[in-house]
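Here's the structure, in structure tokens; my notes come after.
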Protein chains: 2
Amino acid sequence: MQTITTFEYALLALIAHHPSSGYELTQRLKKPIGFFWTAHHSHIYNGLTHLEARGLIAREVIAQQRRPNKHLFTITEAGIVALRAWVTMPLEPEPPRSGLTLRAYAIWLADPQAAVRLFRQQEALHLAQLEEYERLLASIKQEHTIPQDINLPWFGNYATLRRGIGAEREIAEWCRWMAEQFERHLDRAGDDEQAAQKADDDNALMRDQQEQRRDVL
Amino acid sequence: MQTITTFEYALLALIAHHPSSGYELTQRLKKPIGFFWTAHHSHIYNGLTHLEARGLIAREVIAQQRRPNKHLFTITEAGIVALRAWVTMPLEPEPPRSGLTLRAYAIWLADPQAAVRLFRQQEALHLAQLEEYERLLASIKQEHTIPQDINLPWFGNYATLRRGIGAEREIAEWCRWMAEQFERHLDRAGDDEQAAQKADDDNALMRDQQEQRRDVL
DNA sequence: GATGACATGTAATCAGTTACATGATTAG
DNA sequence: CTAATCATGTAACTGATTACATGTCATC
């Protein structure tokens, strides 16, 4: 017995928001779901076929002149029941998979300058993403009176955006910290060459102690 | 030409820290790398075979009486060169995949009580993980004088732990916030039962919302 | 006598990406 | 005439999990 995958529930959730074709889902899977789940169109069409076979969505072929026919999918009663049951099912921890953190683990091998470049680049990337989320949050705050109402579909957008903002802010901050570690290293190497050694060692030590205290945070 | 996968670099990085057998790597992939990359033993043995074929690690079979033979892998010169080059290569953003955030997106369908249960459970899970990271951080702080030395392998442990702590704190906080949204909702429902006057208004509101919900479906 | 640690592998399957395949319409 | 958007699918492949397979020793 084939089970429904997490990705297929993602499709179901999107269709529950409002009926869509495979093509439209391909677009919609970029925002806002794309922030935490992505897929290629081929994967989407397969998922739709599977959900249809399980009776969780219904297909309606809409003839279009001037355009290829559109297959519009609507969630069925069985689909709503399945989605509602799934959405609060206990969730076991997911295996993490972060290439960036893996790099950090092996970064001691790297040229410090290259390390700074990597983490500053990543910081910029995540700050840009953060800004985009914040812009989107501002725009949904205009459309809806914010806080509650948990029972309305748009609450999902709000909740996921909050998550995205927190996560991006946190990772950008960590990237900045990483870059700074290597910049400090480069600073010290530069100072050594200019022969202000003793004083600098003292300063470095003081600085280190202060950061040590901050590290404990 | 077969390329080296991110996972295989993870193995390389572990072996660069110190030589290990496949069995040992299976254990080591739980801590600390397991916090951001996991693998099953079968996957590990395949990866090792591949890395060996590419000349990035070398195998030494150690005969053991009373135990099956152990295959100890050591990183080669070529392996160090490859790892060092990879570690600062520009990294394109990785497709996110978060089942929990997906649930949040569809949570408007759920029974509020079930939603609270889900997010409180997740909060507890992430707080427990946070505590574990903090304990580990405390223990590596005892072994090593903290801040610098970016060039020593243990810096990787420190950096990844910082990342883990930040990430877990952030997600636990978000789970708490989510749970509170639904608790607030339940509180209001509870008041309804005890106070007849407000109840009329709130029920009218609920009815409106339910009608709205059917429309969107 | 059962469970769990030690120890290494192969085979089957599943999830997801990339490549292949087709074809009309619209805007530059 | 070139590229982008609309529109849907299949096939091949890769990355990762699960199941199969084997066997010893130590501890409860």
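Taking the numbered list (1) near DNA strand D (Cβ under 10 Å from one of its atoms); (2) buried (at least 18 other Cβ atoms within 10 Å of the Cβ); (3) away from chain A (no Cβ under 11 Å); (4) not charged (D, E, K, R) in turn, residue B:45 passes all entries but (2). A count restricted to segment A:43-95 and to residues that are within 12 Å of residue A:16 (Cα to Cα) and among the basic types (Lys, Arg) stands at 1. For segment B:109-125, the criterion of being more than 8 Å from every other protein chain (Cβ to nearest Cβ), more than 30 Å from residue A:15 (Cα to Cα) and of a type in the set (Phe, Trp, Tyr) is met by none of the residues.
Considering the conditions (1) within 12 Å of DNA strand D (Cβ to nearest atom); (2) surrounded by 17 or more Cβ atoms within 10 Å (Cβ to Cβ), residue A:59 is excluded by exactly one of them, (2). Among the residues of segment A:89-111, those that are within 16 Å of DNA strand C (Cβ to nearest atom) and of a type in the set (Gly, Ala, Ser) comprise A:98, A:99. So for segment B:62-73 (the condition being part of a helix (DSSP H, G or I), touching a residue at least 40 places away in the same chain (Cβ under 8 Å) and out of contact with any helix residue (DSSP H, G or I) (no Cβ under 6 Å at 6 or more places or on another chain)), does at least one residue qualify? Within segment B:62-73, none of the residues are part of a helix (DSSP H, G or I), touching a residue at least 40 places away in the same chain (Cβ under 8 Å) and out of contact with any helix residue (DSSP H, G or I) (no Cβ under 6 Å at 6 or more places or on another chain).
Take the conditions surrounded by 14 or more Cβ atoms within 10 Å (Cβ to Cβ) and charged (D, E, K, R) and apply them to residue A:123. Does it pass? Yes: the conditions hold for residue A:123. Within segment A:49-63, not a single residue is of a type outside the set (A, V, I, L, M, F, W, C) and either under 22 Å from the mean Cα position of the chain (by Cα) or under 29 Å from residue A:137 (Cβ atoms) (or both). In segment B:34-44, what residues are touching a residue at least 24 places away in the same chain (Cβ under 8 Å) and either part of a helix (DSSP H, G or I) or touching a Gly at 6+ places or on another chain (Cβ under 6 Å) (or both)? Of everything in segment B:34-44, those that are touching a residue at least 24 places away in the same chain (Cβ under 8 Å) and either part of a helix (DSSP H, G or I) or touching a Gly at 6+ places or on another chain (Cβ under 6 Å) (or both) turn out to be B:35, B:43, B:44.
Scanning segment A:75-102 for residues that are basic (Lys, Arg) and within 21 Å of residue B:126 (Cα to Cα) turns up just one, A:97.
Scanning segment A:135-177 for residues that are within 11 Å of chain B (Cβ to nearest Cβ), more than 16 Å from the chain's Cα centre (by Cα), assigned to a helix (DSSP H, G or I) and at pLDDT below 95 turns up A:154, A:155. Each residue in segment B:61-75 was checked for being more than 14 Å from chain A (Cβ to nearest Cβ) and more than 10 Å from DNA strand C (Cβ to nearest atom), and 3 of them qualify.
Suppose we filter segment A:68-88 for residues that are of a type in the set (Phe, Trp, Tyr) and modelled with pLDDT under 95; how many remain? Count: 0. Scanning segment B:74-90 for residues being outside any helix (DSSP H, G or I) and buried (at least 16 other Cβ atoms within 10 Å of the Cβ) gives a total of 3. Can you tell me which residue in segment A:87-108 is farthest from DNA strand D (Cβ to nearest atom), limited to those that are within 7 Å of chain B (Cβ to nearest Cβ) and more than 20 Å from residue B:168 (Cβ to Cβ)? So the residue we want is A:108.
Pairs meeting the criteria (first residue in segment A:1-22 and under 14 Å from residue A:58 (Cβ atoms) and within 13 Å of DNA strand D (Cβ to nearest atom), second residue charged (D, E, K, R) and part of a loop (DSSP other than H, G, I, E, B), beta carbons under 7 Å, at least 6 apart or on different chains) are lacking.
The values are calculated or read from the model by the stated rules, or taken from the named source; none is laboratory data. Everything numeric here is computed off the predicted structure, so don't read it as measured data. Positions of Cβ are generated from backbone atoms using ideal geometry, with glycine treated the same way; all protein chains shown enter the neighbour counts.
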